[in-house]
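The values are calculated or read from the model by the stated rules, or taken from the named source; none is laboratory data. Because the structure is a prediction, the values reported are computed rather than measured. Cβ coordinates were reconstructed from backbone atoms using ideal geometry, including for glycine residues, and neighbour counts include every protein chain displayed. For accessibility, only protein heavy atoms count, side chains too; no ligands or nucleic acids. Shrake-Rupley method; radii C 1.70, N 1.55, O 1.52, S 1.80 Å.
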Amino acid sequence: MEEPAQRRRSETLNGTAAVAAAVVPAAGRGERLGPGAPKALRELGGVPLLVHAVRALARSRAVGLVVVAAPAEGVAEVIALLDSHGLDGKDIRVVAGGDTRQESVRLGLAAIPAEVGIVLVHDAARPLVPVEVVDAVAAAVRAGAEAVVPAVPLADTVKLVEPQSGGRPEPVLDTPDRSALRAVQTPQGFRRDVLAAAHERALTEPVAVTDDAGLVERFGGRVVVVPGHEEAFKVTRPLDLVLAEAVLARRRASDGF
């Protein structure tokens, strides 16, 4: 039976497919950031990355529900964490995630009420995504797109290489025209039926992809790009965390973020 609090949260969606729900897969360890707590729980400006990411989604009027897929053994901890940062009244659910990002997204998707027709998927490791990007992605799906990704042009020249083991020099095979290349960010937005069908198909037809848009694309879906933002970068390495601290300090100094 659905708990009263959950029922009230479902009712806030007003039964409309035009209001988006967001899934935040946060069950991974994030080894490249170094030893310590899971990446989503590392602190940025004294606040865990996960809390920043959930707040970014909750600020958007386009988002009516946020589902966090937490480590299976840490659901209670994540619930308490979000509650302690004033997020307990923001239509947020926490579910047990899986062993992979793909499984966590699928489990998060299953927790979204059936009447919700738009789903965003956002990395907990992108804590500083501006609300304008969230709004733009949701709006593009509402306008008819099956799948939408925010992205930014590449600043560096890119080389296609033949990978080598043992740190040996890697032969260059090609230099793609970077004007046609984009670095993809999140949140990514989807028609709920399209994303659900891709994840169901992946259960019997496993594919190696690094994001949900890639999964939809692999199974024949059409993905479009909207402008992303330079501050929506992913915190993966220690240097990224240093950059994020600088961006957050600038925001706090300028607008009390």
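For segment 239-257, the set of residues classified as assigned to a helix (DSSP H, G or I) and open to solvent by less than 80 Å² (accessible area, probe 1.4 Å) consists of Asp240, Leu241, Ala244, Glu245, Ala246, Val247, Leu248, Ala249, Arg251, listed by residue number. Among the listed residues Thr236, Thr186, which satisfies the condition of being part of a loop (DSSP other than H, G, I, E, B), under 18 Å from the mean Cα position of the chain (by Cα) and at pLDDT 95 or above? So the residue among Thr236, Thr186 that is part of a loop (DSSP other than H, G, I, E, B), under 18 Å from the mean Cα position of the chain (by Cα) and at pLDDT 95 or above is Thr186. Each residue in segment 178-226 was checked for being open to solvent by 80 Å² or more (accessible area, probe 1.4 Å), without any contact (Cβ under 8 Å) to a residue 12 or more places away in the chain and under 25 Å from Pro127 (Cα atoms), and 1 pass.
Conditions tested, residue by residue: (1) of a type in the set (A, V, I, L, M, F, W, C); (2) in contact with a strand residue (DSSP E or B) (Cβ under 7 Å, 6 or more places away or on another chain).
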position: Val116; (1), (2): yes, yes
position: His122; (1), (2): no, yes
position: Leu128; (1), (2): yes, no
position: Glu132; (1), (2): no, no
position: Ala136; (1), (2): yes, yes
position: Pro150; (1), (2): no, yes
position: Thr157; (1), (2): no, no
position: Gln164; (1), (2): no, no
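The set of residues in segment 168-177 that are part of a loop (DSSP other than H, G, I, E, B) and open to solvent by 80 Å² or more (accessible area, probe 1.4 Å) comprises Arg168, Pro169, Glu170, Asp177.
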